[in-house]
Amino acid sequence: MTDSAKPTLLVVDGHSLAYRAFFALPVDNFTTKDGQHTNGIYGFLSMFVNLVKAEQPTHLAVAFDTSRHSFRTDQYAEYKANRSESPAEFKGQIPLLQECLAAMNVPVLTQEGIEADDILATLATQGAAQGFDVLVCSGDRDTIQLVTDDVTLLYPSVQGVSQLKRYTPDAVVEKYGLPPANYPDIAALVGETSDNLPGVPKVGEKTAVKWITQWGSLDALLDNADKITGVVGGNLREHLDDVRRNRSLNALLRDVDLGIGPADLAVQPIDAQAVRDIFARLEFRTLLPRVFDAVGVDAETAAASAAPAVAAPVPTELDAPGLTAWLAAAGETEVAVTVTIDGGMPARIGLATADAAVESRWSEETAAALGPWLESESPKVLADAKPQVKALRRAGVRLRGLVFDPILAGWLLRPSFPDKRLGDLVDRYLDEKLPEADPTQLVPETEGATPGQLSWYILRVTEAMRGELPASVAAVLSDIELPTLDTLADMELAGVAVSHEKLSGFSAELGARADAVAQLAYAEIGREVNLGSPKQLQEVLFEQLELPKTRKTKTGYSTDAAVLADLQESNPHPFLDLLLQHREATKLRQIIESLDTAIGNDRAIGADGRIHTTYVQTGSQTGRLSSTDPNLQNIPIRNEESRRIRAAFEVGEGYDTLLTADYSQIEMRIMAHLSGDAGLIEAFNSGEDLHRFVGARVFGVDPADVTPAMRTKVKAMSYGLVYGLSAFGLSKQLRIEQSEAKLLMTEYFARFGAVRDYLRSSVAQARIDGYTETIFGRRRPFPDLASPNRVLRENAERAALNAPIQGSAADIMKIALFRIHDELRRRELRSRILLQIHDELVVEVAPGEWDAVEQIVHDRMGDAAELSVPLDVQIGRGENWDVAGH
DNA sequence: ATCACCACGTA
DNA sequence: CGTACGTGGTGATA
């Protein structure tokens, strides 16, 4: 039992315990979606938080080995030489575990040439001398020698890392028959297989203890070795040097110069935000509350632990004249604005400057007082501005002067785990807790922040974030994202007209076909199964029909379309084709149904015969938009039948026609620009079809002699390049031998070598910087480029190779998007942008405006960026999206 | 109800 | 063993 008056020092051998956890926990249950194994990290942290909670140490450190090399291997090259290389799946976990500990503000100690246990021994010795109760936690038996009245060893049992056995001096005597200080003597005689230290043959623990007890010490025993009788006596005499060597090596260093001592290891409050971040990356969910619990902070208040929160001002409720006066006083200072929304319309509005907050109900009078200021260039900050901008527009107010949106800024800073709510940003950048009402309570204990208070927080978060925004990222925010936000609000409000009649007719047709095909399929196999269930299909295909097993998935064997097509080729069966037909019909029908229910589904607008998607501006890691509710960026186009869906997207009433505009090969053009490859640049400047031009070069023929097969091959190669395609992937896609794919790549790079050089150097630069950058300065971090896990690292390499290309294309499209929007408005044209599908725009053109609109769209897309190759824009026109898209 | 997984639509 | 997304069904969990 520890004396509660004494401070408690807990020192842990991180490496050995994580290694035990690695083997104790099934790796399959502890792997992130990217493929990072986390079982060792999880097991260690799980044990560690239990330990901290149970022991309540006042001082704490975790030690790690630096490498296999140490002063012991210098003395004896065979030391631990029998140990096999630790698995790669484990190695990669140590740096991540150290990151977790750093986030928890737990000191991580390492020393070149010194093993973790020597660090433990040094700290334990110093701690005991300085009046600490010391707890040593290690999986290495040599640490038994450290046990004294002041030092207790916690040793993992064979059952697992969570069961720790306490070794006090009494417990050591009970188990080994000798006091802790003599344990190394026994170990030296017996030997330690795991350290590759052979002992005296035929001498086990029993004999060793007997000898030491008899002679009092190892030295005395060795001095009197000639007095030992029998075979073991002879063995001892023959292995005296081994025993001396073992004893020398198993003595832990107690005087390592660590530069710090036990007193420097006082337990620190954890960095709750950092813990959340690293746990999110490792996909640990249940561990988070346990960590907060162990350190005495509950998860909800953890964020507020460090800094004392400044109380938000109590906002003053103002009427219309009050608002006018307040705004006049605010002048041109930056004001944060929060609009609450009810039924799509503004309900309340809160305004804040650095030292004051006011708010008001939205009414005709207050709107009239606020309108001119909201529509002025006076600088404003809104968090997640788009829905608020939309609500204001519905109320007839066009917000201008938006200079910052912390949600967008947060996404630009960390696109992989964007903070979605203001509360997340308050946690991260202010280290405070945003007051939020508990939605589960009818009468919440804590009131949620009011709009005025929210605005006050927004302003403070903004100030904190500006300090962290690199200039190039700040420029992306103000020059690209904020103007885009404004445009997207109008696009979402406009919506796109979709014909319910066309859709419902087609849906019924497909439904009837799906049913008929299903009946035929059932007949083929003699029973009814759920054709939508991969699990049931596996039974049919691989058990009943005994078709060859296909690509493995996590839960069995794949039944996807590519696999079924392969099966149809090798083992033709009518069921396969029927299944494919059924899949196609049901998939199309499902898309149609979801579109149909989305028509006029926007509560705020009512049924207007149009679909209003939501563009998620923070929806990608590369800078692209995403589209939800419904997703209008994945409407089918590939085959004739699916185009009937596009035909249902029509020009709306009061408008004349739809215009589609798309960039042709924008990513390859960006590649040409970034790589500066003379051949590729020439290809785009020549006016020749890109793939024909490239094909001619690669195959050494005239452009006119490039066959369709050649064109297909170089086209696949060109597109694949942007994604980091391998020879294996290329051969699979083109269904050619790997050797041929390899040859194709060789020939391609022989002609377009600068492309390869660029791709390589861009990944290399990302490895140095830790992030990639688009032409316009948008960044994307890639921590996994440094991972020792090959799969993880190579995935990161491909994504890093793609990010500047896809991201630059997204930047260019956004620039074109808002410039078109702005010019249409400036010239007071009624025509409006409806949709953005990454490299395509759909515009609704008002009567008499075609020529002007076509010109604007073409030119603004064409001159959105100045590259070393032209940006080619294809324009289409028609009464519906299908026709216009041709 | 919520989650993971599979499958599949787009650029 | 090619990047970036969102949706919907199934089947296993709670």
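The values are calculated or read from the model by the stated rules, or taken from the named source; none is laboratory data. Values in this document were obtained by computation on a predicted structure and should not be read as measured data. Note that we place each Cβ from the backbone using ideal geometry, even for glycine, and neighbour counts take in every protein chain shown. Note: areas computed on protein heavy atoms with side chains; ligands, DNA, RNA excluded. Shrake-Rupley method; radii C 1.70, N 1.55, O 1.52, S 1.80 Å.
Here are the numbers:
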read-out	value
Projected label distance in nm at A:Gln738 and A:Glu317, using a 7 Å step from Cα toward the beta-carbon	7.4
A:Ser376 long-range amide H proximity, modeled H, under 5 Å	A:Arg400
Net charge over other residues, Cβ less than 11 angstrom from the Cβ of A:Glu85 (K, R count +1; D, E count -1)	+3
All-pairs alpha carbon distance profile, segment A:498-608, 10 Å steps from 0, percent	13, 38, 25, 15, 7, 1
Nearest-20 debye value, segment A:321-469 charge dipole, Cβ charges on Lys, Arg, Asp, Glu	600
Ranked order, A:Trp373, A:Trp215 - accessible area, probe 1.4 Å, largest first	A:Trp215, A:Trp373
Normalised per residue, the volume of the convex hull around the Cα set of segment A:597-738 (Å³)	189
Exposure ranking of A:Thr487, A:Thr324 by accessible area [1.4 Å probe, largest first]	A:Thr324, A:Thr487
Around A:Gly876: net Lys/Arg minus Asp/Glu count, Cβ-Cβ under 12 Å	-3
Heavy-atom accessible surface of chain A: percent carbon and sulfur, 1.4 Å	50
Nearest 10 degrees, 0 to 90: helix A:39-55 Cα axis against chain A principal axis	60
Neighbour net charge for A:Gln665 - beta-carbon separation under 12 angstrom, K R +1, D E -1	-3
DSSP bridge orientation in segment A:321-469 - percent antiparallel, rounded to nearest 5	75
Dipole magnitude of segment A:671-800, debye to nearest 20 (Cβ charges: Lys/Arg +1, Asp/Glu -1, about Cα centre)	440
Using distinct alpha-carbon pairs, which all enter the 1/r mean, Kirkwood radius of segment A:671-800 in Å	15.8
Under 16 Å from the Cα of A:Lys552 - lysines, other chains or at least 8 residues apart	A:Lys535
R0 of 30 Å, Cβ-Cβ distance A:Ser363-A:Ala475: FRET efficiency to nearest 0.05	0.20
Cα centroid separation - segment A:119-193 against segment A:74-117, whole Å	20
Unit charges at the beta carbon, dipole of chain A: most positive-side option, A:Gly234, A:Pro788, A:Ile611	A:Gly234
Karplus-derived 3J(HN,Hα), 6.51/-1.76/1.60, for each residue of segment A:333-343, Hz, glycine and proline x	6, 6, 10, 8, 10, 10, 10, 8, 10, 9, x
Heavy atoms of A:Glu205 accessible to a 1.4 Å probe, total area in Å² rounded to 10	90
Heavy-atom SASA rank of A:Phe417, A:Phe48 (probe 1.4 Å, accessible area, largest first)	A:Phe417, A:Phe48
Amide H contacts of A:Leu834 (H built 1.01 Å from N, under 5 Å, at least 5 apart or other chain)	A:Val842, A:Val843, A:Glu844
Chain A - share of DSSP beta bridges that are antiparallel (%, nearest 5)	70
Per-residue [θ]222 nm for chain A (sum of -39500 (n - 2.57) over DSSP H runs n ≥ 4, rounded to 500)	-14500 deg cm²/dmol
Under 14 Å from the Cα of A:Lys80 - aspartates and glutamates, other chains or at least 8 residues apart	A:Asp65, A:Glu115, A:Asp140, A:Asp142, A:Glu192, A:Asp195
Residue-span extension gain [A:Arg551 to A:Ser726] - 0.36 nm each, minus C-alpha spacing	61.1 nm
Amide H partners (placed H, <5 Å) of A:Tyr167, local residues excluded	A:Leu153, A:Leu154, A:Tyr155
Vicinal HN-Hα couplings computed from phi for segment A:266-280 (Karplus, 6.51 cos²θ - 1.76 cosθ + 1.60; Hz; Gly/Pro x)	4, 4, 9, x, 6, 8, 4, 5, 5, 5, 4, 5, 5, 5, 5
Cα-based equivalent ellipsoid of segment A:321-469: semi-axis lengths in Å, sorted from largest, via gyration tensor	24, 19, 15
Solvent accessible area, Å² - A:Leu109, 1.4 Å probe, full protein context	20
Cβ-Cβ FRET estimate between A:Asp822 and A:Asn634, R0 fixed at 30 Å, reported to 0.05	0.60
Whole-angstrom gap from segment A:452-466 to segment A:358-380, using each part's C-alpha centre	19
Net length gained if the chain between A:His573 and A:Leu829 were fully extended (0.36 nm per residue, minus Cα distance)	86.3 nm
Tail beyond 53 Å, pair distance distribution of chain A (Cα, percent)	33
Mean-position separation - Cα centroids, segment A:243-280 and segment A:13-43, in angstrom	20
Solvent-accessible area per residue for chain A (1.4 angstrom probe, square angstrom)	45
GluC sites (Glu not before Pro) lying in DSSP loop within segment A:317-417, provided at most 13 other Cβ fall within 10 Å	A:Glu332, A:Glu377
On Cα atoms only, tilt of A:93-103 relative to the major axis of chain A in degrees	80
Set of lysines near A:Lys420 by C-alpha distance (under 26 Å), chain-local residues within fewer than 8 positions excluded	A:Lys33, A:Lys380, A:Lys386, A:Lys390, A:Lys433, A:Lys814
0 to 90° range, to nearest 10: angle between helix A:708-722 axis and chain A longest Cα axis	60
Efficiency of FRET between A:Arg244 and A:Arg166 - r from beta-carbon atoms, R0 45 angstrom, step 0.05	0.90
Within chain A: Cβ-based charge dipole about Cα centre, in debye rounded to nearest 20 (Lys, Arg +1; Asp, Glu -1)	1680
Whole-Hz ³J(HN,Hα) from phi, Karplus 6.51 cos²θ - 1.76 cosθ + 1.60, for segment A:314-328, glycine and proline x	7, x, 8, 7, 10, 9, 4, x, x, 5, 4, 5, 5, 5, 4
Label-to-label distance, nm, for residues given as A:Leu253 and A:Glu682 (7 Å Cα→Cβ offset)	6.3
